[in-house]
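Encoded as structure tokens, the structure appears first; notes follow it.
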Ligand code: PHE
């Protein structure tokens, strides 16, 4: 079979559009909501250091592999891997790898959309001035009010899924490309405006200090180094959109003449910068209001945990000049970032339906959006009517985890890294030197092909497997000690 140079779904009109789209996928709730609170939860600078290591040693080679697979196959991840396996005389079963990514993507989208929904609700709350001069009890009450009512969450989740559907249903060129060309510049402008605001708090250095200098005193109370490493690895995969088919799907629309190494580096650098800038926006604002020691009524710690952006930050903004306005901008930023990611979570499954069942794109997009919408109910109920449901109670480490937590854990900490291992094995061990060298065509320009080959064959899979087995043993250990 000749390697086709076009995808039936359309092609990005330039390499820059791919970079925008893939950066849009990578930059999302993971950078602005999840990264800062994980930095807080897992010990500041230490976590950041390990995270950067994971990005460089594992994230870069695996992202290059994903873009490459997409561009070789020119189809959805499932079909692409099947085609590549056939072409290279490998087992058809490898296409299950594509399935795993697509399923992980849909599971992630199901809770992603709910949290993006909170952010939308918060644009309006900030804009209406409800946080003006608010107390800690006040912000907790507003957050609890929102999440305790399934109807409210459902309305926002529905709206966000419609927004995602609208873009994906219009296709690669008229939908995804148009969306990222409009939304990404807005996102960068908002980031810069908020960064300038945060620099004016007078606590900028404290924020930097917290993010970049390991607080040794805290290493003891974070659950152990292995947890920090697993969390950093999960976050690295999540933030780079790896293992979920998203980058592979986008790679399928990438023009052949592009250097995969170069575009990957651009995406990785932008994503990492945005995460760090998000931390530099959030922590100084928190410190300026002495909120790093506040514990909210519902048990959420200001600096540590998912409440950071939805409670601590509004509380801080509520006591600052022009706080309402900048809070609204902040949540707008969050929604835009989430939107350009959610489209990449839906695209792989939609592309597959179009290929496999010859469905019209808008039908396929509708069908998948409805499925994800239904899955999202699990997350919605986790915050209210199912807030006491603990499906894996008998495992100590999962004893306090709701359906939402488990979905997040399964997708981000298990499926994504596992997808990473399988991609590394497929590309590094099953595809031969010549095949991948031709596609990457790295020449001698930057780092050479051999460095990538060594990373994808040895460094990435070995590190991933070690971290993985370690966490598995922990779970098994917990199981046998359970009553
Ligand atoms: N990278 C996105 C974020 O950081 C989330 C995502 C994960 C998107 C996997 C696509 C695939 O928010």
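The values are calculated or read from the model by the stated rules, or taken from the named source; none is laboratory data. Quick caveat: nothing in here was measured; it's all calculated off a predicted structure. Don't worry about glycine lacking a Cβ; one is built from the backbone with ideal geometry, like all the others, and counts go over all protein chains shown.
Quick rundown of the values:
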| quantity | calculated |
| --- | --- |
| Matching residues in segment 106-128 - criterion: being over 16 Å from residue 378 (Cα atoms) and surrounded by 15 or more Cβ atoms within 10 Å (Cβ to Cβ) | 119, 120, 121, 122, 123, 125, 126, 127 |
| Any hit, segment 298-311, residues being under 24 Å from residue 26 (Cα atoms), crowded, with 24+ Cβ neighbours inside 10 Å and either touching a strand residue (DSSP E or B) at 6+ places or on another chain (Cβ under 8 Å) or modelled with pLDDT of 95 or more (or both) | no |
| Any hit, segment 34-48, residues being part of a helix (DSSP H, G or I) and free of Cβ contacts under 8 Å to residues at least 60 places away in the same chain | no |
| Filter result (out of contact with any helix residue (DSSP H, G or I) (no Cβ under 9 Å at 6 or more places or on another chain) and under 17 Å from residue 72 (Cα atoms)) within segment 411-460 | 432, 434, 438 |
| Number of the exception - residue 89 against (1) assigned to a loop (DSSP other than H, G, I, E, B); (2) touching a residue at least 24 places away in the same chain (Cβ under 8 Å) | (2) |
| Failed condition for residue 48, given (1) within 25 Å of residue 386 (Cα to Cα); (2) at pLDDT below 95; (3) buried (at least 21 other Cβ atoms within 10 Å of the Cβ) | (1) |
| Output for segment 89-142, where each listed residue is closer than 25 Å to residue 367 by Cα and more than 16 Å from the ligand (Cβ to nearest atom) | 95, 96 |
| Residue under evaluation residue 42, criteria (1) farther than 30 Å from residue 148 by Cα; (2) away from the ligand (no atom under 15 Å from the Cβ), criterion not met | (1) |
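Rundown of residues vs (1) within 16 Å of the ligand (Cβ to nearest atom); (2) crowded, with 20+ Cβ neighbours inside 10 Å; (3) at pLDDT below 90; (4) under 21 Å from residue 80 (Cβ atoms), yes/no style:
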{"position": "413", "(1), (2), (3), (4)": "yes, yes, yes, no"}
{"position": "424", "(1), (2), (3), (4)": "no, yes, no, yes"}
{"position": "433", "(1), (2), (3), (4)": "no, no, yes, yes"}
{"position": "441", "(1), (2), (3), (4)": "no, no, yes, yes"}
{"position": "447", "(1), (2), (3), (4)": "no, no, yes, no"}
{"position": "450", "(1), (2), (3), (4)": "no, no, yes, no"}
{"position": "455", "(1), (2), (3), (4)": "no, yes, no, no"}
{"position": "458", "(1), (2), (3), (4)": "no, no, no, no"}
